[in-house]
Amino acid sequence: MPREVPAKASAEEALGLVRDAAFVVEGGRVAWVGGAAGAPRCERTVDLDGAVVLPGLVDCHTHLVYAGDRTRDFELRCAGASYAEIARRGGGIRLTVRETRAASVDTLVALARPRLERLLAHGCTTVEIKSGYGLSVAAELRQLEAVRQLADLGPVRVVATCLGAHVIPDEYAADRAGWIRALTQELLPAVVARGLARFADVFCDTGAYTLAEAREILEAARALGLGLRVHGEQLSHTGVAELAAELGATSVDHCEHVDAAGVAALAAAGTVAVLLPGASIFLGDAARPPTRALVDAGVPVALATDSNPGSSPTTHPWLMVTLGCAWYGLAPHEALRGVTANAARALARDDGTGALVPGGPADFAVCDVPGWRHLAYGFGDAPVRATWIGGERAYARPDPR
Ligand code: NIG
Ligand code: FE
């Protein structure tokens, strides 16, 4: 899969599809890729038996570390209550904050591991995980410590993001500036000093942070050397896409309400639009991002699970691929780039992650499908037979017999 798509490329050119392909792995990295007929001789060969092989999936937006669940919220919403109403009745993000604060780091790791394993079984080899359910300096650091332990346990490659700016913590409801001070002057510097995250993220929307607050937080994070991500334009239009582009954020995530000026700003800055169809479908939100305008303007579009207990309790990236096409209007090849090369770009991974190219990591998913389009068309299917990370088989589907 090429890192850049030439203008006017066909779907298969855009994917860099090679039929009857082979590739050579050396020292955990791809050394050669091409048609099997031209492959160099190797010491050991593995016959993948006509499977469709694609770069390991990159789930570039998850909130995998949390305690408790939101089944009660779900039931209320099915009965007609809105997200905002549920929050007022003690549910929503703040319920997960209370349950996550009460859990030990060991418990958080134990709860998150099976979620990460499910992503691995679906072919994910790199997964971003955010904090944001601690919302105090100590609890955010504990959540990020759990992320670090998940990274150390392997085999999935984990990228950590500090989302201390998810919502305003209850304790600071009457002193928003006080929390933003603690976040920018204590939490983010501690995160950097301990090497606990690569990115900082802000949820800029109704009920979360204002545009002016988002600027203050993102500027402080950037000054500390953190990469920037933004949850934005989800529930309402705020103009945070332009701010993210101006500050060099790698992505704006959600994007249902981004307008033409926002699309133009993202395109000019090369900022990735990460679309999260799981969250809008699960919340019953009819708003859809301007998908074709984004693609036509040249904005790199990624797809992610947004795996979290409230708005997207899923660990199924293939479902996002199907919904990205059927509900948001991506073409199948665009959706596949969305969970590979463009998702890697949202994480500023420029080492060949998400691309299966010489020099890049030998991370790949081996899929049983009649053709590559079935990866998008098979609604709810689990096409992955095996997942390899760094040239080692990290997951193999159990033989049904
Ligand atoms: O990405 N948009 C904000 N945050 C999460 C929802 C988190 C929750 O409801 O627990 C999201 O959808
Ligand atoms: Fe999210």
Check on Val97, in contact with a Leu (Cβ under 8 Å, 6 or more places away or on another chain) and open to solvent by less than 60 Å² (accessible area, probe 1.4 Å) = yes
From the option list Gly262, Gly232, Gly329, single residue qualifying as out of contact with any Cys (no Cβ under 9 Å at 6 or more places or on another chain) and either away from ligand 1 (no atom under 16 Å from the Cβ) or open to solvent by less than 40 Å² (accessible area, probe 1.4 Å) (or both) is Gly329
Here, helices (runs of 4 or more DSSP H) confined to region 216-334 with at least 1 residues that are aromatic (Phe, Trp, Tyr) are 277-282, 317-326
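Is it the case that Leu275 is open to solvent by less than 10 Å² (accessible area, probe 1.4 Å), under 12 Å from the mean Cα position of the chain (by Cα) and within 14 Å of ligand 1 (Cβ to nearest atom)?
Details: open to solvent by less than 10 Å² (accessible area, probe 1.4 Å): yes; under 12 Å from the mean Cα position of the chain (by Cα): yes; within 14 Å of ligand 1 (Cβ to nearest atom): yes.
It is true that Leu275 is open to solvent by less than 10 Å² (accessible area, probe 1.4 Å), under 12 Å from the mean Cα position of the chain (by Cα) and within 14 Å of ligand 1 (Cβ to nearest atom).
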Which residues, taken from region 58-113, are over 30 Å from Phe364 (Cβ atoms), touching a helix residue (DSSP H, G or I) at 6+ places or on another chain (Cβ under 9 Å), within 16 Å of ligand 2 (Cβ to nearest atom) and among the β-branched types (Val, Ile, Thr)?
-> Ile93, Val97, Thr100
Scan region 155-194 residue by residue and report those that are without any contact (Cβ under 8 Å) to a residue 12 or more places away in the chain and either of a type in the set (D, E, K, R) or within 23 Å of Cys124 (Cβ to Cβ) (or both).
-> Asp175, Arg181
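Looking only at residues in region 375-393 that are touching a strand residue (DSSP E or B) at 6+ places or on another chain (Cβ under 8 Å) and open to solvent by 60 Å² or more (accessible area, probe 1.4 Å), which one is farthest from Pro277 (Cα to Cα)?
Step one: list which residues in region 375-393 are touching a strand residue (DSSP E or B) at 6+ places or on another chain (Cβ under 8 Å), which gives 375, 383-391, 393.
Cutting the leftovers down to open to solvent by 60 Å² or more (accessible area, probe 1.4 Å) gives us 385, 393.
On the way: Arg385: 25, Arg393: 30 Å.
Across region 375-393, the extreme among qualifying residues is Arg393.
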Identify the single condition in (1) surrounded by 16 or more Cβ atoms within 10 Å (Cβ to Cβ); (2) away from ligand 1 (no atom under 16 Å from the Cβ); (3) in contact (Cβ under 8 Å) with a residue 40 or more places away in the chain that Thr62 does not satisfy, given that it satisfies every other one.
-> (2)
Out of all the residues in region 100-139, which are charged (D, E, K, R), under 23 Å from the mean Cα position of the chain (by Cα) and surrounded by fewer than 20 Cβ atoms within 10 Å (Cβ to Cβ)?
-> Arg113, Glu117, Arg118
Would you call Thr291 away from ligand 2 (no atom under 16 Å from the Cβ), modelled with pLDDT of 95 or more and open to solvent by less than 10 Å² (accessible area, probe 1.4 Å)?
-> yes
Hey, can you tell me all the residues within region 172-191 that are open to solvent by 20 Å² or more (accessible area, probe 1.4 Å) and touching a Phe, Trp or Tyr at 6+ places or on another chain (Cβ under 8 Å)?
-> Tyr172
Please go through region 43-57 and pick out each residue that is under 22 Å from Gly360 (Cβ atoms) and acidic (Asp, Glu).
-> Glu43
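Which one of Val24, Val52 is touching a residue at least 24 places away in the same chain (Cβ under 8 Å) and either within 25 Å of Val156 (Cα to Cα) or of a type in the set (D, E, K, R) (or both)?
Working: Val24 fails: touching a residue at least 24 places away in the same chain (Cβ under 8 Å).
From the options Val24, Val52, the qualifying one is Val52.
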Restricting attention to region 74-116, the residues that are in contact (Cβ under 8 Å) with a residue 40 or more places away in the chain and of a type in the set (D, E, K, R) number exactly 4
Quick one: in region 158-197, of everything that is out of contact with any Leu (no Cβ under 7 Å at 6 or more places or on another chain) and closer than 30 Å to Gly56 by Cα, which residue is nearest to ligand 1 (Cβ to nearest atom)?
-> Leu163
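The values are calculated or read from the model by the stated rules, or taken from the named source; none is laboratory data. A quick note: this is a predicted structure, and the numbers were derived from the prediction, not measured. When we count neighbours, we look across all protein chains shown, and the Cβ atoms used for this are built from the backbone with ideal geometry, even at glycine. Accessible surface areas use protein heavy atoms only, side chains included; no ligands, DNA or RNA. Shrake-Rupley method; radii C 1.70, N 1.55, O 1.52, S 1.80 Å.
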